[in-house]
Amino acid sequence: MLDTFFNIEIMKAAWPILLAGLGNTLLLSATVVPLGLLGGLILALLARLRSPWVRWPLMAWVDFFRAFPPLVLLIFLYAGLPFIGLELGGFGCVAIAFFLNTGAYYGEILRAGIDSVPSGQSEAARSTGLSATQTMAWVILPQAVRNVLPDLMSNTLEVVKLTALGSVVAMPELLFQARQAQSLTYNPTPIVVAALIYFALLWPLVRLLSRLENRALRTG
Amino acid sequence: MSSWERFLDTFFNARVMAKYLPDILYGMWVTIELAVLVVITGIASGLLLALLRAAGIRPLNWLMIFVVDVLRALPPLVIIVLIYFGLPSVDIAPSGFVSTWAALALVLMAFSEEIFWSGITAVPRGQWEASRSTGLSFTQTLLFVVLPQALRMTIPPLTSRTIAITKGTALGSVVAVSEILGQASSAVSNSYNPSPLMLGAAAYLVLFIPVVVAGRWVETRFAWKK
């Protein structure tokens, strides 16, 4: 049992491969989290325009990407785009897919955050002479983000976990490297170690979120 | 051929679509099967764990919290791969379908246990005390007084989480489950034409748009009344 799942020899051999994978996972996360936040911010700001010409298409857009499994979106881009002569590679496809998919989720969260800031804040800021843009950037958004911080963190956790999808389009991130090592050694130890690395990386965030969620529900 | 016709011929090739439509429909059936199994087993086991946690057996609760944390921290795809490629080494060889089902049900179990537990703890202490003082036992209080109030609160977060995890059925394609994405991908490589992917995408939208819209409705219907 130990020899199968926690084989020390194989762990030693696979360690550099897994470490490279971890580096890529971190790099990928550092790219797609800001991209998703940017997409979400654009959607949330567009939702401020109350015109039905913006609101309905926006809702359809968000529902569309919430209904579409991220892996399907990724495969769609990766396998479909080459047919119209666009070779974006694994990284490009992952970046676009995350921008669209996680952007929809971040957008919903940020929209709820912006809605939670009382309108008096914006009126007061405007009457002191701040422009609409300044009001949004310096008065509304900071309060909005604070109000939905647990949701933003929870979504970020999901996004980091989602980077494992990169393995399907041959991005050399942690899961991909672990599967390579596993097929070279005919032993599941590298996958077990990769799982342990994911756990060590994300456990603090899970603990923190669990505490925040419980507190939110108790105080209502 | 104009470029527009070429585009149509590439992405909406009627001949290719007609040929692979039965495959995609079969994939839809597998996706539905998998999704229903995951939702039922995941939520039922999550509820069971939350009720067990209410019994307040310390060591058991610590173990439960740890397992839930592990399942929340690991990407679902990693859990699927771990089950599918790991277990055969100890002579248990689950199929791709069983691996995906088990992994997603475990993840849903973890998330729903957390949500149910939060709901149970959010019911005011006075409800427990009043109910116990009328002569109801601990189990009766939990099942007939606290749980009904808790469930109402848990519906919005549980709905959105369940939808998110159900979409994970597409991950089954990685371990050769013949659900929609798996069927569409193999059809693309067989026909060297992306039209089956379009069909697959349409199949997902047909299945999940109603679920997302219904979820939106449920979230407003049972929204927090403060």
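Here the gap between A:R215 and A:I8, fully extended at 0.36 nm per residue and compared with their Cα-Cα distance, gives a gain of 70.3 nm. The Rg/Rh ratio of the protein assembly as shown, with Rg taken over Cα atoms and Rh as the Kirkwood radius over Cα pairs, comes to 0.99. As a proxy for reagent exposure, ranking B:D91, B:D9, A:D63 by other Cβ atoms within 10 Å from fewest up yields B:D91, B:D9, A:D63. For A:V54 and A:L26, a Förster radius of 41 Å and the Cβ-Cβ distance give a FRET efficiency of 0.65, rounded to the nearest 0.05.
Each residue of segment A:125-136 was assigned a 3J(HN,Hα) from its phi angle through the Karplus expression (A = 6.51, B = -1.76, C = 1.60, θ = phi - 60°), giving 5, 5, 6, 7, x, 6, 6, 4, 5, 4, 4, 4 Hz with x at Gly and Pro.
Residue order for A:T31, A:T133, B:T169, fewest other beta carbons within 10 angstrom first, comes to A:T133, A:T31, B:T169. Normalising the average separation of contacting C-alpha pairs (under 8 angstrom, six or more residues apart) by the number of residues puts the relative contact order of chain B at 32 percent. Phi angles of segment A:85-92 translate, via the Karplus equation with coefficients 6.51, -1.76, 1.60 and θ = phi - 60°, into HN-Hα couplings of x, 9, 9, 8, x, x, 5, x Hz per residue; Gly and Pro are given as x. Fully extending the segment from B:V218 to B:I155 would add 21.9 nm, taking 0.36 nm per residue of separation and subtracting the current Cα-Cα distance.
Calculated mean residue ellipticity at 222 nm for chain A: -26000 deg cm²/dmol, from DSSP H runs with n ≥ 4 weighted as -39500 (n - 2.57), summed, divided by the residue count and rounded to 500.
Taken along the Cα-to-beta-carbon direction at a fixed 7 Å, the label points for A:Q121 and B:S2 span 5.2 nm.
Considering only DSSP states other than H, G, I, E and B, which trypsin sites (Lys or Arg not before Pro) in segment A:1-89 qualify as loop sites with at most 12 other Cβ atoms within 10 Å? Within segment A:1-89, the qualifying trypsin sites (Lys or Arg not before Pro) (loop, at most 12 other Cβ atoms within 10 Å) are A:R50. From least to most packed, judged by other beta carbons within 10 angstrom and beginning with the fewest, B:T31, B:T121 follow the order B:T121, B:T31.
A short reminder: the numbers here are calculations on the coordinates, not readings from a lab. The shown structure was predicted, so the numbers you read here are calculated from the model rather than taken from an experiment. Cβ atoms come from the backbone with ideal geometry, glycine included; neighbour counts cover every protein chain shown.
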